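Data block below; observations after.
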Amino acid sequence: MSTFIGMKSLGLLVLGLLAATTTVFAQVGADSSFSLYFNSGLSFTHANDPHINRWLKTYGYPTEPHVPTSVNFELAATPANSRMLYAVKISTINTGGNFSSFKALLGAYYAFVKQRSFLFFAGGMVGLRGDIVTLDGNVPPEYKEMAASHPEPLALRRRGLALEPGVRLFWYPVHLHSVQLGLYGGLGYDVDFNSRWKLGYYSNNHGKYSHFRGLGKPNDQKRVSEYGICFSAGLSFRINLH
């Protein structure tokens with residue numbers, strides 16, 4: 001399952017990086033200097049799905065935290081003669097139980113403040129969200145009937161559009177020639193338009209990768225979109241290229 005998620009996320013990341021890189025260099029023009037940002041940190045969001053939590057609790061599974069914590073990895077770039085920041089981000093949630101989630105996002109931000117050590121941006125990101133619940137314990141009779149001919153462990157999966165408008169700031173107290181090390185923080189509003197949960201299982205292709213095979217949409221699952229305030233913070237590594 002983790003391999004499957006990684007393959008999908010990697011494909012989206014590569015496509016997004018190509019698109020973002022093309023946009024950056026198209027705006028550079030005669031001035032070929034630009035900055036690269038490598039950001040890594042945590043996000044805390046109030047968005048969650050109370051229906052799936054009630055279902056998980058009913059059947060004895062760990063529930064999703066009320067304030068899910070996600071790990072973020074981001075690559076961003078901005079031309080020296082532009083106030084625009086273009087970013088590609090992968091975000092993952094793993095509760096340590098049966099619930100896991102990922103986001104692959106592309107973003108664009110405008111710098112209202114752009115100084116050597118401090119930058120303030122406003123903008124947003126858009127991309128794909130995917131959630132998976134592994135069902136390795138008790139399940140409803142309906143699920144057992146749908147999976148009667150499949151010995152593999154069952155799973156619930158959904159996907160949807162993810163939007164993250166918000167503001168971000170960067171502070172770089174450490175300068176080593178063209179390299180800067182600092183902190184970043186962000187405040188936004190997460191909007192996740194989720195699809196309905198689909199029941200299925202992951203088949204292994206000779207140990208190479210796992211592929212989700214759907215069995216249908218169970219009647220006891222609802223389509224729930226999630227909204228909530230999101231706060232993020234972490235380390236930022238900036239390289240000014242000329």
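Quick notes on this one:
This table checks each residue for (1) over 30 Å from Met84 (Cα atoms); (2) in contact with a helix residue (DSSP H, G or I) (Cβ under 7 Å, 6 or more places away or on another chain); (3) of a type in the set (A, V, I, L, M, F, W, C).
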site: Arg168; (1), (2), (3): no, no, no
site: Trp171; (1), (2), (3): no, no, yes
site: Asp192; (1), (2), (3): no, no, no
site: Tyr201; (1), (2), (3): yes, no, no
site: Lys217; (1), (2), (3): yes, no, no
site: Tyr227; (1), (2), (3): no, no, no
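- Hits in segment 65-116 - residues which are in a loop (DSSP other than H, G, I, E, B), crowded, with 16+ Cβ neighbours inside 10 Å and in contact with a Pro (Cβ under 8 Å, 6 or more places away or on another chain): Asn98
- Selection within segment 47-64 - in a loop (DSSP other than H, G, I, E, B), in contact (Cβ under 8 Å) with a residue 40 or more places away in the chain and closer than 15 Å to Ser101 by Cα: Ala47, Asn48, Asp49
- Sole residue being in contact with a Leu (Cβ under 8 Å, 6 or more places away or on another chain), of a type outside the set (S, T, N, Q) and under 29 Å from Asn72 (Cα atoms), chosen from Gly160, Gly130: Gly160
- Odd one out for Gly137, checked against (1) surrounded by 15 or more Cβ atoms within 10 Å (Cβ to Cβ); (2) within 25 Å of Arg54 (Cα to Cα); (3) over 24 Å from the mean Cα position of the chain (by Cα): (1)
- Residue tally, condition within 27 Å of Gly97 (Cβ to Cβ) and in contact with a Gly (Cβ under 9 Å, 6 or more places away or on another chain), over segment 153-174: 11
- Scanning segment 229-242 for residues that are in a strand (DSSP E or B) and either at pLDDT 90 or above or over 26 Å from Val71 (Cα atoms) (or both) yields Ile229, Cys230, Phe231, Ser232, Ala233, Gly234, Leu235, Ser236, Phe237, Arg238, Ile239, Leu241.
- Segment 140-155 residues that are acidic (Asp, Glu), paired with ones that are not in a strand (DSSP E or B) (beta carbon under 9 Å, 6 or more apart): Glu142/Pro218; Glu142/Asn219; Glu142/Asp220
- Residue check for Leu42: more than 13 Å from the chain's Cα centre (by Cα) and either touching a residue at least 12 places away in the same chain (Cβ under 8 Å) or not in a strand (DSSP E or B) (or both): no
The values are calculated or read from the model by the stated rules, or taken from the named source; none is laboratory data. Model, not experiment: these values are computed from the prediction. Neighbour counts run over all protein chains shown; Cβ positions are idealised from the backbone, glycine included.
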